[in-house]
1. Report, by chain and number, residues whose modeled amide H sits under 5 Å from the one on Phe80, excluding near sequence neighbours (fewer than 5 apart, same chain).
2. As an exercise, use a Förster radius of 25 Å and the Cβ-Cβ distance of Val100 and Val45 to find the FRET efficiency, rounded to the nearest 0.05.
3. Determine Rg/Rh for the chain; Rg is computed over alpha-carbon atoms and Rh is the Kirkwood hydrodynamic estimate from the same atoms.
4. Using the crude model of +1 on Lys and Arg Cβ and -1 on Asp and Glu Cβ, and no other charge, please compute the dipole size for the chain relative to its Cα centre, in debye to 20.
5. Please list, in order along region 28-44, the HN-Hα scalar couplings obtained from phi with the Karplus expression 6.51 cos²θ - 1.76 cosθ + 1.60 (θ = phi - 60°), rounded to whole Hz, x for Gly and Pro.
Amino acid sequence: MRTLRSQTVRCDQVVAPVGLGLTFIRVYDQLDDVDLATQARKLDVPVILAEGRHDYNAMSVLAVSYYEVLEAPHKELMWFERSDHNPEHEEALAFDPFMVETVLAKTLR
């Protein structure tokens, strides 16, 4: 039996390389001028960061340094200890409940 997650994973395997290529072409050059610690230090919305502990694409030290200076009505930093860049796939059994029980519960009004 196919589940929604298995269908999503298969779809991601097909379209992700295309999306990644377009991202490199259109977005990455713009990131050189982004510094969230100064440009988005204070936000008036809840902020929840979900990070893979072993992510080398988006280094965890950057998430921690931003989290430490961030001012928000609610902020939370969730580590997925056995994940790299994709905790939604690598730790789906932990990520899915986190999205429902934490993210939705604290942000949906």
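1. Glu51, Gly52, Arg53
2. Details: r = 19 Å, r/R0 = 0.76.
So the FRET efficiency works out to roughly 0.85.
3. Working: Rg = 15.8 Å, Rh = 15.9 Å.
With Rh from the inverse mean 1/r over Cα pairs, Rg/Rh is 0.99.
4. On the way: 11 positive and 18 negative charges, 87 e Å.
Roughly 420 debye, rounded to the nearest 20.
5. Here the 3J(HN,Hα) series is 4, 4, 6, 6, 4, 9, 9, 9, 4, 4, 10, 7, 9, 5, 10, 10, 9 Hz.
Bear in mind that the values in this text are calculations on the coordinates, not laboratory data. Source: prediction; values computed, not measured. Virtual Cβ from ideal backbone geometry, glycine too; neighbours counted across all protein chains shown.
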